[in-house]
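Some notes on the structure that comes next.
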Amino acid sequence: MVNFDYKQLLQKNINNKEKNVVNELYGSLLNGYINQDTIVTNDQFGPRLLNNQEGSSIWEQIKHELLTCENYTFAVAFITDSMVSNLKPIFKDLSRRGIKGRILTSTYLYRRL
């Protein structure tokens, strides 16, 4: 694996407000993937396991994230017609507000044999 200095990359061409966000993101990633005991950060940017338990469904989390985003990208192996139908009203609302996004998926289920 190539040794890469991410801190050096993060310090290039950013103002103070962006630097604070970058530092928080950097700390959250280290906290979530390296060591939660020694690196304490805000939970906002860290990784989370989503599940359909404890009163919070994945669908509710997806809707919340979409309704509070500035743009979005879904990268999924496939997407069902029913999920597209569920997302259409949200996508229309986002479009009216000028929020753009995209869905990246394969053609696996529509492949001709």
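The values are calculated or read from the model by the stated rules, or taken from the named source; none is laboratory data. These figures come from a predicted structure and were not determined experimentally. Cβ sites come from the backbone with ideal geometry, for glycine too, and all protein chains shown count toward neighbours. Note: accessible area is taken over every heavy atom of the protein model, side chains too, but ligands, DNA and RNA are not part of it. Shrake-Rupley method; radii C 1.70, N 1.55, O 1.52, S 1.80 Å.
Please enumerate the residues belonging to the range 81-101 that are open to solvent by 80 Å² or more (accessible area, probe 1.4 Å) and among the acidic types (D, E).
D81, the sole residue that qualifies.
Looking at the structure I just gave you, is T73 under 30 Å from S28 (Cα atoms), surrounded by fewer than 11 Cβ atoms within 10 Å (Cβ to Cβ), β-branched (V, I, T) and modelled with pLDDT of 85 or more?
Against the criterion (under 30 Å from S28 (Cα atoms), surrounded by fewer than 11 Cβ atoms within 10 Å (Cβ to Cβ), β-branched (V, I, T) and modelled with pLDDT of 85 or more), T73 qualifies.
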